[in-house]
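Okay, so here's the structure we're looking at.
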Amino acid sequence: MPVDYATRPVEPLAAIAPALPEPERREPVFDIRRLTARYGANAAIRDVSMEIHKNLVTAVIGPSGCGKSTFIRCLNRMNDLIPGFDAEGEILYHDVDLLGGDVDPVAVRRRIGMVFQRPNPFPKSIYDNVAFGLRVLGMKDSLDDRVEHALKRAALWDEVSKRLRSSALSLSGGQQQRLCIARAIAVEPDVVLLDEPASALDPIATSSIEDLMHELKRDYSFVIVTHNMQQAARVADMTAFFSLSQPDERGDRSGILIEYDATQKMFTAPSDKRTEDYVTGRFG
Amino acid sequence: MNEMKTPLRRRLVNLAMQAVAVAAAFAAVAVLAIMVVSVAKRGAGAINLDFFTKSPHPFSFVPVPTGLANAFVGTAVIVGIATLMALPIGVLTAIYLNEFARRRIAFLIALALDVLNGVPAIVVGIFVFALVVTGHGQSALAGSFALAILMIPLIARATQETLALVPGSTREASLALGVSRWRTTLSIVLQQTIGGIVTGTTLAVARVAGETAPLLFTSSLVGDQLRADPRQALASVPLKIFEYSESPDPADHRQAWAAALVLIAFIMLASTVARALAARSRRKLGLTR
């Protein structure tokens, strides 16, 4: 009996992906409490409290300038490098406060990887891009296997296996971004942060990155900042909506967390009017 | 449509300005060309194998073929040691300047380097004379020290300019993997900068190889023997040119011209190599594509 492809119903991705567990069964990775982050005197985000869960994809959406990137760059202490940056509150990561004075940001980043907005491969060979972190961090046993495994998981192996020694800069933008994902997961982090990973990519490359996240979330927890609401709806289990506060007495505005819930609820039945306006395209 | 035409006056002004600029550029090149040709005309005749392999005869009136091997060896030793001194200091200064220093401190260091770069060579010479030579006597090491002072700002600035070309996103990529800051600097940033460091060092070598004033104070009291021990004063090419040009013997004048020719040729070669290396490292960084 031949399958009639024309009339066969197409399953939506959400139906294939593992269902979102009930709230009480979600295991927290981050427990963020009243996080306020400042550049100089101005607070980029204020009083953000939320839990981020293991093996889920959590999207952070919101209009430009609402502190989405600042927020996720707090999670791996990437903002430490910016002069004048300061964070208050708590970011409990498996019960350790990442903002604590005795926490080593290098050790934090070792466990919490990051993929950036623009692909940023090293000007080295494809192989060395993935192997660099492994070598430096002392994961030198069966290096070839680890590199191959990471490239396979990033769905890049078939395209590059014949030219591992050629420069990473010769790859297309989408391939470079998948290489950056391979580089990030090769060192076996616990969490992967993605800061608008597809904003510089075409739709096909974007969809391959989204598929990857569905595939990889069994082993990692993802936090993704995105400008693109469809993307959040497609990839995320949970969605947080950030927006700008009303101006304070000095006229400054800060990024605040408006609403955080299961993605489906956020896009179909948000409880906050501002979320509804944003997801329906009336604002932002 | 007559009003759309370029007015004659403006066309003439354009033409005149362009002509003046072209003439200035040609004049600059012509100075070099005339200098090279005149030096070559007077010196080329004295250049042969002996010129590079033999040292001057202690009695210059004895008519045997002689050369300036001692000066070439001396310059190589002095400049070589100067490079070994200046390279690490220059590169580390640049790393601190570009990677670690706060903005205000970076500004002050950059300013200090520029001032150091502008200090006349003779001032550096007399400084090293007072600091090292007084009490210890002249030596090639003292000469190297003086030349190293001249090289540091050149190497540091050239390195710093290349470091600034390394995109911040590459550093972030490494840091985000949990790689420490110094390891990132060493393995990712510096690795991309090697071309620029080599270029800067080559230019610095070319620059100081012809310096005379610092060596006058530090490594000038020399005989004609071929020596390479840096603890003694060693002969050098620029000082030989100086010395021979004052000699009454026309044969010495020819030797001086020949040494000048070799020096110019070396500097032109080094600069060309440095340019080529710079272009190559920029290509590698993906800056010109």
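Overview of results
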| item | result |
| --- | --- |
| Region B:204-249 - residue that is of a type in the set (D, E, K, R) and over 18 Å from B:Leu147 (Cα atoms) and, of those, farthest from the chain's Cα centre (by Cα) | B:Asp249 |
| Pick from region A:86-105, criterion within 14 Å of another protein chain (Cβ to nearest Cβ) and surrounded by fewer than 18 Cβ atoms within 10 Å (Cβ to Cβ), ranking: nearest to A:Arg26 (Cα to Cα) | A:Val103 |
| Failed item in (1) touching a Ser or Thr at 6+ places or on another chain (Cβ under 7 Å); (2) modelled with pLDDT under 90, with A:Ile256 passing the rest | (2) |
| Residues being modelled with pLDDT under 90 and farther than 19 Å from A:Thr70 by Cα - total across region A:235-245 | 0 |
| Within region A:189-223, tally of residues that are within 14 Å of chain B (Cβ to nearest Cβ) and surrounded by 18 or more Cβ atoms within 10 Å (Cβ to Cβ) | 9 |
| Subset of region A:108-129 (residues that are over 19 Å from the mean Cα position of the chain (by Cα) and either part of a helix (DSSP H, G or I) or within 7 Å of chain B (Cβ to nearest Cβ) (or both)) | A:Phe122, A:Pro123, A:Ile126, A:Tyr127, A:Asp128, A:Asn129 |
| Matching option when the condition is of a type outside the set (Ser, Thr, Tyr), more than 14 Å from chain A (Cβ to nearest Cβ) and surrounded by 22 or more Cβ atoms within 10 Å (Cβ to Cβ), among B:Val208, B:Val179 | B:Val208 |
| Contacts under 8 angstrom Cβ, first residue in region A:38-65 being free of Cβ contacts under 8 Å to residues at least 60 places away in the same chain, partner of a type in the set (A, V, I, L, M), 6 or more apart | A:Arg38/A:Ala44; A:Arg38/A:Ala87; A:Tyr39/A:Ile82; A:Glu51/A:Ile32 |
| Helices (runs of 4 or more DSSP H) completely within region A:141-225 that count 2 or more residues being touching a residue at least 12 places away in the same chain (Cβ under 8 Å) and of a type in the set (Ser, Thr, Tyr) | A:203-216 |
| Hey, B:Thr185 surrounded by 17 or more Cβ atoms within 10 Å (Cβ to Cβ), of a type in the set (Val, Ile, Thr) and either outside any loop (DSSP other than H, G, I, E, B) or in contact with a His (Cβ under 8 Å, 6 or more places away or on another chain) (or both) or not | yes |
| Unique residue being within 14 Å of another protein chain (Cβ to nearest Cβ) and among the hydroxyl-bearing types (Ser, Thr, Tyr) when the list is B:Ser281, B:Ser219, B:Ser271 | B:Ser281 |
| From B:Thr202, B:Thr193, residue being within 14 Å of chain A (Cβ to nearest Cβ) and in contact with a helix residue (DSSP H, G or I) (Cβ under 7 Å, 6 or more places away or on another chain) | B:Thr193 |
| Residue in region B:160-175 that is under 26 Å from B:Ala274 (Cα atoms), part of a loop (DSSP other than H, G, I, E, B) and within 11 Å of another protein chain (Cβ to nearest Cβ) present | yes |
| Residue list for region A:64-85, restricted to those being surrounded by fewer than 21 Cβ atoms within 10 Å (Cβ to Cβ) and facing chain B (nearest Cβ under 10 Å) | A:Asp80, A:Leu81, A:Pro83 |
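The values are calculated or read from the model by the stated rules, or taken from the named source; none is laboratory data. Computed from a predicted model, the values in this text were never measured in an experiment. As a convention, Cβ positions derive from the backbone with ideal geometry for all residues, glycine included, and neighbour counts pool all protein chains shown.
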